[in-house]
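Below is one structure, written out as structure tokens; the observations come after it.
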Amino acid sequence: MSIKISILGLGLILISTCSMAQTSAQGKSKQMLNGKKVYDIYCQACHQADGNGVPRLNPPLAGTVYVTGSKTRMIDIVLKGLSDPLEINGEEYNNPMAAHDFLTDQQIADVLTYIRNSFGNKAGVVTVAEVKKQRAKK
Ligand code: HEC
């Protein structure tokens, strides 16, 4: 009897752990899907479909520390734009990028999750809460 109960308990733990993992995986793939839509509309024209940008005009998003590094810096780039000269892969970029603060927190979380996990990048997801917090600091 007690063995049965503990087997039942173990089963329940397993089921709940699996469904938790599934929910976060589903959350991420939904963010990836919606993030691509945002990217195609608002970012692709400059940074290109393959994330490689246009040399000396628009920097690549593939393999840059701005994309795979600090989330707060990257959220700020989208919210406030960027006008610092950058050097990426030996090329200099001097064109400014406009602020995209008209996007919702959800759209920004999705598009940043998308670019952090596309073009060969592998980095963590960006949540709506993280974007909200950063926007409040403005
Ligand atoms: C009109 C062209 C344009 C659009 C649209 C645009 N960017 Fe940019 N982006 C730039 C330029 C130019 C820079 C470099 C700015 C600088 O040198 O200060 C840049 C820099 C960046 C950087 C930091 C450098 C790097 O390459 O890692 C990130 C991250 C970024 N953009 C993400 C985005 C995202 C996400 C979107 C869509 C929401 C977007 N950009 C839309 C032109 C654009």
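The values are calculated or read from the model by the stated rules, or taken from the named source; none is laboratory data. The shown structure was predicted, so the numbers you read here are calculated from the model rather than taken from an experiment. Note: ideal-geometry Cβ built from the backbone for every residue, glycine included; neighbour counts use all protein chains shown. For accessibility, only protein heavy atoms count, side chains too; no ligands or nucleic acids. Shrake-Rupley method; radii C 1.70, N 1.55, O 1.52, S 1.80 Å.
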Name the single residue, out of those in the stretch 41-68 being in contact (Cβ under 8 Å) with a residue 12 or more places away in the chain and loosely packed, with under 13 Cβ neighbours inside 10 Å, that is nearest to the ligand (Cβ to nearest atom).
LEU57
Consider GLY120 against the criteria (1) without any contact (Cβ under 8 Å) to a residue 40 or more places away in the chain; (2) more than 12 Å from the ligand (Cβ to nearest atom): it satisfies all of them except one. Which criterion is unmet?
(1)
Considering residues of the stretch 98-114 that are hydroxyl-bearing (Ser, Thr, Tyr) and in contact (Cβ under 8 Å) with a residue 12 or more places away in the chain only, the residue surrounded by the most Cβ atoms within 10 Å (Cβ to Cβ)
TYR114
Whether any residue in the stretch 86-100 is part of a loop (DSSP other than H, G, I, E, B) and hydroxyl-bearing (Ser, Thr, Tyr) is what I want to check.
no
Within the stretch 27-40, which residues are open to solvent by 40 Å² or more (accessible area, probe 1.4 Å) and among the hydrophobic types (A, V, I, L, M, F, W, C)?
MET32, LEU33
Could you tell me which residue of the stretch 78-97 is farthest from TYR39 (Cα to Cα), considering only residues that are open to solvent by 30 Å² or more (accessible area, probe 1.4 Å), under 20 Å from the mean Cα position of the chain (by Cα) and within 6 Å of the ligand (Cβ to nearest atom)?
LEU82
In the stretch 110-138, which residues are in a helix (DSSP H, G or I) and polar (S, T, N, Q)?
THR113, GLN134
